[in-house]
1. If I ask for residues that are without any contact (Cβ under 8 Å) to a residue 60 or more places away in the chain, farther than 30 Å from HIS314 by Cα and buried (at least 16 other Cβ atoms within 10 Å of the Cβ), which ones from region 258-275 would you list?
2. Please count how many residues of region 212-250 are more than 16 Å from the ligand (Cβ to nearest atom) and at positive phi.
3. I'd like the residue in region 360-394 that is of a type outside the set (Val, Ile, Thr) and in contact with a helix residue (DSSP H, G or I) (Cβ under 7 Å, 6 or more places away or on another chain) and, out of all such residues, is farthest from GLY173 (Cα to Cα).
4. MET326 is checked against (1) in a helix (DSSP H, G or I); (2) more than 15 Å from the ligand (Cβ to nearest atom) and fails just one. What number does that condition carry?
5. Return the residues of region 337-361 that are within 16 Å of the ligand (Cβ to nearest atom), aliphatic (A, V, I, L, M) and at pLDDT 95 or above; say none if nothing qualifies.
6. Can you tell me which residues in region 9-26 are hydroxyl-bearing (Ser, Thr, Tyr) and over 29 Å from the mean Cα position of the chain (by Cα)?
7. Tell me, which strands (runs of 3 or more DSSP E) lie completely within region 148-192 with 1 or more residues that are farther than 30 Å from ILE3 by Cα and at pLDDT 95 or above?
8. Here is a list: ASN107, ASN118, ASN112. Which entry is surrounded by 17 or more Cβ atoms within 10 Å (Cβ to Cβ), modelled with pLDDT under 95 and either more than 29 Å from ASP219 (Cα to Cα) or in contact with a strand residue (DSSP E or B) (Cβ under 8 Å, 6 or more places away or on another chain) (or both)?
Amino acid sequence: MKINIPKLSFIALIGVANEEKSTFIQKHFSSNEMISLDYYKGVISNDKNAPDTAKDAFDIAKYSIQKRLQRGYLTAIDATNLQSSDRKDLVHLAKKHHVLPVAIVMNQKKDNSRSHKNRTDQHFLELKKAGFKQIFILNSREEIEAVNIIREKSPNDKSEFIGPFDIIGDVHGCFSELSTLLTKLGYTIIKHQNKMNNYGYSVLPPRNRKAIFVGDLVDRGPASNEVLRLAMSMVKNETGLCVIGNHDEKLLKKLNGRDVQIRYGLAETLEQLAKEPSQFVEEVREFLHNLVDHYILDNGQLVIAHAGLKEEMHGRISNAVRNYCMYGETTGKKDDFGLPIRKNWAKEYNGEAMVIYGHTPVPKPEFINNTANIDTGCVFGGNLTALRYPEKEFISVKAEKVWSEPTRPLNLPQNVESKDLIDQPKKNI
Ligand code: MN
């Protein structure tokens, strides 16, 4: 049996103590990775059976697990003798650090098949209720021995791509400006007569370079369909990467048949897509569906996310991470224009990796603590900006016109506060 888990997982093992279990633990986990409650009981008390020893040992175990998950290390614990509320605590801990909670149950068949099956079902339900995302049940000695645990690299980990890159800000359907910018950066764009050929475009990058889109390819602008064609062709041919923006996500929801409000420029995109063959629209849906929320590049030195990403979330996978990537943090307050005031995470950022993002239009791109916002509001009549990496050079082209009236003037300082309490994003702007 193959057990595929992310490289960074939290694993709870459940099964009565026997030879197979100890062999299994030794075979699949290093001694650092395996947290032992029994060991901690011995550390804190001369009498393992003294009152509260188990509880205190569990507290230390939780503390150790937390510290390891914070550092990004896979961690496992033998959770056989834990109460279900304790197991819930562990799941909570894993989720807090955006780590997938996995349960592996060793439930060897010893008695008649009916009670064995009942036990299996009961385990499954209990663990599911506790919040484990993946549950593997091993039913025999043979199954336990045959297990192959495969630690998978997460889809957002492209740290082997070391650049050089041209990172491109929010395009929002500004196809003409995108073409001009790519040409300025040294890319050659070939337009095909047959739109089925590479989605209609082949883009040849300058030597060794790769383009990266920070998301929000669509909405408000005049040609979101063409921007999609070009970006999809680059991603397909591995000359480009793209992370998902909040506008891309909303379009995906719409294409998936969900009931979304048609505002903030989505109507224009839908009009443009209505002129396209349905097969292409289906390919757009698939493309958007496959977009990750952030990328880790250049041996962990570069992170790309639509609205930025704080360090503790780099490389992690969870709904909270995805939302942060797409919307950032807002303070829960609104500005004079009715737009949510955003938390200035960049001001407090002191991570090692450079984080490049867009989402909130700024009049001019600049570096703040090893982060840069390169959304210079092209669709609102500003610029379309690229950051050349590792050169740290901004290249911009001017918008050909104001394609969409901004809700608030572009040249006002960013509407962000840094000290307010964090609130969940509510509005899709
Ligand atoms: Mn945007």
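1. Within region 258-275, LEU270, LEU273 qualify.
2. Counting residues in region 212-250 that are more than 16 Å from the ligand (Cβ to nearest atom) and at positive phi gives 1.
3. Of all residues in region 360-394, those of a type outside the set (Val, Ile, Thr) come to 361, 363-367, 369-370, 372-373, 375, 377-378, 380-384, 386-394.
Pick out the ones that are also in contact with a helix residue (DSSP H, G or I) (Cβ under 7 Å, 6 or more places away or on another chain) and you get 361, 369, 378, 384, 386.
Details: PRO361: 15, ASN369: 30, CYS378: 10, LEU384: 11, ALA386: 16 Å.
The qualifying residue farthest from GLY173 (Cα to Cα) is ASN369.
4. Going through (1) in a helix (DSSP H, G or I); (2) more than 15 Å from the ligand (Cβ to nearest atom) one by one, MET326 breaks only (2).
5. Within region 337-361, the first condition is being within 16 Å of the ligand (Cβ to nearest atom), and the residues that meet it are 337, 339-340, 342, 356-361.
Then drop every residue that is not aliphatic (A, V, I, L, M), which leaves 339, 356.
The answer is ILE356, and nothing else.
6. We begin by selecting, within region 9-26, every residue hydroxyl-bearing (Ser, Thr, Tyr); these are 9, 22-23.
Of everything in region 9-26, those that are hydroxyl-bearing (Ser, Thr, Tyr) and over 29 Å from the mean Cα position of the chain (by Cα) turn out to be SER22, THR23.
7. Values: elements: 148-152, 165-168, 188-191.
The strands (runs of 3 or more DSSP E) meeting that bar are 165-168, 188-191.
8. Details: ASN118 fails: surrounded by 17 or more Cβ atoms within 10 Å (Cβ to Cβ); ASN112 fails: surrounded by 17 or more Cβ atoms within 10 Å (Cβ to Cβ).
Testing whether each residue is surrounded by 17 or more Cβ atoms within 10 Å (Cβ to Cβ), modelled with pLDDT under 95 and either more than 29 Å from ASP219 (Cα to Cα) or in contact with a strand residue (DSSP E or B) (Cβ under 8 Å, 6 or more places away or on another chain) (or both) leaves just ASN107.
The values are calculated or read from the model by the stated rules, or taken from the named source; none is laboratory data. Just so you know, these numbers come straight off a predicted model, no measurement behind them. Cβ coordinates were reconstructed from backbone atoms using ideal geometry, including for glycine residues, and neighbour counts include every protein chain displayed.
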